[in-house]
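Below: the structure, in structure tokens.
What follows is calculated from the coordinates using simple rules that are stated; it is not laboratory data. Keep in mind that this is a model prediction, so the values were computed, not measured. Cβ: placed from backbone, ideal geometry, glycine included. Neighbour counts: every protein chain shown.
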Amino acid sequence: DTAVSQTPKYLVTQMGNDKSIKCEQNLGHDTMYWYKQDSKKFLKIMFSYNNKELIINETVPNRFSPKSPDKAHLNLHINSLELGDSAVYFCASSQWDRGQSGANVLTFGAGSRLTVL
Amino acid sequence: QQQVKQSPQSLIVQKGGISIINCAYENTAFDYFPWYQQFPGKGPALLIAIRPDVSEKKEGRFTISFNKSAKQFSLHIMDSQPGDSATYFCAASRAFGDYKLSFGAGTTVTVRA
């Protein structure tokens, strides 16, 4: 059973189009994220939701709009796609380790590769 | 502004050799330092993590060394195997309250048989 699943795995589209990526987690985690990984593999956080509330909103063009209908789902809609939006987008979820480590351990999905032509 | 600096960008090691990846951070409030491993076509996955109350943590062939005074930490992969070929990311955050992990730029490790 896939813990964090995102669809589609691949998107190829033209500049100016609008596209959406969906994410679902079955881990019972309270927090979900969108990360962007560029061609140099750098991971940049975009958004985070905790129990459907937006808690992290990094400097991202407002063409990107996340939506969390419930705490198991986090979708990403992108308007007016540009060449620079080409990247791999990762959804992740997390839960605090309330034991000794205090760690916020992220579980990532397999990624959605977006190519804008 | 990258809060965690990682080096090298890539490395090649022979099977059985030792891979060493180094990271440095600036924010003294950071107190949780995980390493994530990413295979091609997959998402990153937690490999091993350390808190600053210990200077070293070992899990199998993977060891984190931590130097609080220098604000540096490193990952050692002992007896490197071809299956260890992946991209490794160090990261840092504050434990017990920080949702935002600051990732390093990643190191691509290639283990040659």
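General remarks:
- Pairs linking a residue in the range B:1-15 that is among the hydrophobic types (A, V, I, L, M, F, W, C) to a residue that is outside any strand (DSSP E or B) and surrounded by 12 or more Cβ atoms within 10 Å (Cβ to Cβ), with Cβ atoms under 6 Å and 6 or more positions apart or on different chains, are B:V4/B:G104; B:V13/B:S80.
- Residue that is surrounded by the most Cβ atoms within 10 Å (Cβ to Cβ), among those in the range A:51-65 that are within 14 Å of the chain's Cα centre (by Cα) and part of a strand (DSSP E or B): A:F64
- Residue match in the range A:18-33 (condition: within 25 Å of B:T107 (Cβ to Cβ), touching a residue at least 40 places away in the same chain (Cβ under 8 Å) and touching a strand residue (DSSP E or B) at 6+ places or on another chain (Cβ under 7 Å)): yes
- Candidate set: the range B:63-113, residues that are charged (D, E, K, R) and closer than 22 Å to A:K41 by Cβ; chosen: the one nearest to the other protein chains (Cβ to nearest Cβ): B:K100
Every residue, every condition in (1) surrounded by fewer than 16 Cβ atoms within 10 Å (Cβ to Cβ); (2) touching a strand residue (DSSP E or B) at 6+ places or on another chain (Cβ under 6 Å); (3) under 24 Å from A:G28 (Cβ atoms), yes or no:
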residue: A:I45; (1), (2), (3): no, yes, yes
residue: A:Y49; (1), (2), (3): no, yes, yes
residue: A:K67; (1), (2), (3): yes, yes, yes
residue: A:K71; (1), (2), (3): no, no, yes
residue: A:N75; (1), (2), (3): no, yes, yes
residue: A:N79; (1), (2), (3): yes, no, no
residue: A:S86; (1), (2), (3): no, yes, no
residue: A:T115; (1), (2), (3): yes, yes, no
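- If you go through the range A:8-29 and keep only what is touching a Lys or Arg at 6+ places or on another chain (Cβ under 8 Å), surrounded by 17 or more Cβ atoms within 10 Å (Cβ to Cβ) and either of a type in the set (D, E, K, R) or within 14 Å of chain B (Cβ to nearest Cβ) (or both), you end up with just A:H29.
- The numbered conditions (1) over 23 Å from B:Q6 (Cα atoms); (2) more than 8 Å from chain B (Cβ to nearest Cβ) are all true for A:S48 except (2).
- Selection of strands (runs of 3 or more DSSP E) fully inside the range B:1-105 by the criterion of at least 2 residues being aliphatic (A, V, I, L, M) and buried (at least 19 other Cβ atoms within 10 Å of the Cβ) returns B:45-50, B:72-77, B:86-92.
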